[in-house]
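Trainee: Provided herewith is a single structure, encoded as structure tokens, for subsequent inquiry.
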Amino acid sequence: MIKNIIFDFGDVFINLDKDGAMKKAQALFDLKDFTSDMLNTNDLYETGKISTEAFLNFYADTFPQTSREGIIELWNCLLLDFPLKRLDFLKTVKNDYRCFLLSNTNELHIDWIKNDWGMELYNDFKNCFEKFYLSHEIQLRKPNADIFEFVLNENGLNPEETLFIDDTKDHINTAASLNLHTWNLI
């Protein structure tokens, strides 16, 4: 019997434009693919192992033709709308299940969301969850098993009583390997 639900954030609650953001980055930086240094920097930033300042400095130094404001705008262009019917759904679900948010989210993205949504809506959303886990705050990242183990252990969750909902197959596969029930939301 499912008693707990762990939700991802992007493309589960807030819509994302992954393809559009990638195309804009490739055009702005005049690249076909991200370099290993860029991917490593992004991972370090998403796990809170480098500051926003260090993240922006890396991109400003690597692409001096791009302004810091341009880098921030590009980084946040991934984020789209939040259909309020999803919040209504969540408010219903939280009455019957322990709900958790587990997201690979960084400081720039969460700051953009707070500003775009306004703090009242953001807090209304956040308060639907027993715990709200963002990768940059807990310094762990999906699809690594340690992030799932952290959430399960910290909250005393039985994996067999827990459903994990995410849009990314690699994240789903890791959760399933730990005996969580999964739903790959497309």
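Trainee: In straight Cα distance, which lysines are under 27 Å from Lys169, not counting same-chain residues fewer than 8 positions off?
Mentor: Excluding near neighbours in sequence, the set is Lys3, Lys18, Lys23, Lys24, Lys32, Lys49, Lys85, Lys91, Lys94, Lys126, Lys131, Lys142.
Trainee: Under the definition of Cα pairs under 8 Å and six or more residues apart, what whole-number percent is the relative contact order of the chain? Don't skip to the end; give the middle numbers.
Mentor: Numbers: 257 pairs, mean separation 59.2, N = 186.
Dividing the mean separation by the residue count of the chain yields 32 percent.
Trainee: Something else about it: Students often get this wrong, so try it: which of (1) 0.98; (2) 1.07; (3) 1.02 is Cα Rg over 2.2 N^0.38 Å as calculated from the structure shown?
Mentor: (2)
Trainee: I need the peptides 113-119, 76-82 ranked by packing, meaning the mean over residues of other C-beta atoms within 10 angstrom, with the highest value on top.
Mentor: Numbers: 113-119: 13.7, 76-82: 16.4.
Put in order of decreasing packing, that is 76-82, 113-119.
Trainee: So if I place +1 on the C-beta of Lys and Arg and -1 on the C-beta of Asp and Glu, and nothing else carries charge, what would the dipole magnitude of the chain be about its Cα centre? I want it in debye, nearest 20.
Mentor: Values: 18 positive and 31 negative charges, 69 e Å.
With Lys and Arg at +1 and Asp and Glu at -1, about 340 debye.
Trainee: What is the magnitude of the charge dipole of segment 124-186 about its Cα centre, with +1 placed on the Cβ of each Lys and Arg, -1 on the Cβ of each Asp and Glu, and no other charges, expressed in debye to the nearest 20? Don't jump to the answer; show the numbers that get you there.
Mentor: Values: 5 positive and 11 negative charges, 31 e Å.
I would put it at about 140 debye.
Trainee: Continuing with the same structure: Where does the charge balance sit around Ile172 when Lys and Arg score +1, Asp and Glu -1, over other residues with C-beta under 13 Å from its C-beta?
Mentor: Values: positive: Lys142, Lys169; negative: Asp8, Asp11, Asp166, Asp167, Asp170.
That sum, taken over residues with Cβ under 13 Å, equals -3.
Trainee: Positive end of the charge dipole of the chain (Lys, Arg +1 and Asp, Glu -1 on Cβ, about the Cα centre): tell me which of Ile2, Trp75, Gly118 has its Cα farthest that way.
Mentor: In the chain, that residue is Ile2.
Trainee: In degrees, nearest 10, range 0 to 90: what is the angle between the Cα axis of helix 84-93 and the longest Cα principal axis of the chain?
Mentor: The answer is roughly 30 degrees.
Trainee: Arrange the peptides 98-105, 49-56 so that the one whose residues have, on average, the most other Cβ atoms within 10 Å appears first.
Mentor: Working: 98-105: 22.0, 49-56: 15.1.
Ranked from most to least packed, the peptides come out as 98-105, 49-56.
Trainee: Relative to the first principal axis of the alpha-carbon coordinates of the chain, what is the inclination of helix 36-46, with its axis defined by its Cα atoms, in degrees from 0 to 90 and to the nearest 10?
Mentor: 50 degrees
Trainee: Another question, then. Rounded to a whole number, what is D in µm²/s for segment 120-186 from Stokes-Einstein with the Kirkwood radius over alpha-carbon pairs (4 °C, 1.567 mPa s)? Could the numbers behind the result be given before it?
Mentor: Details: Rh = 12.7 Å.
It diffuses with D of about 102 µm²/s by this estimate.
Bear in mind these aren't lab numbers, they're just calculated from the coordinates by the rules spelled out. Only a predicted model underlies this, so the values are computations on that prediction, with no experimental measurement involved. Note that each Cβ is placed from the backbone with ideal geometry, even for glycine, and that neighbours are counted across all protein chains shown.
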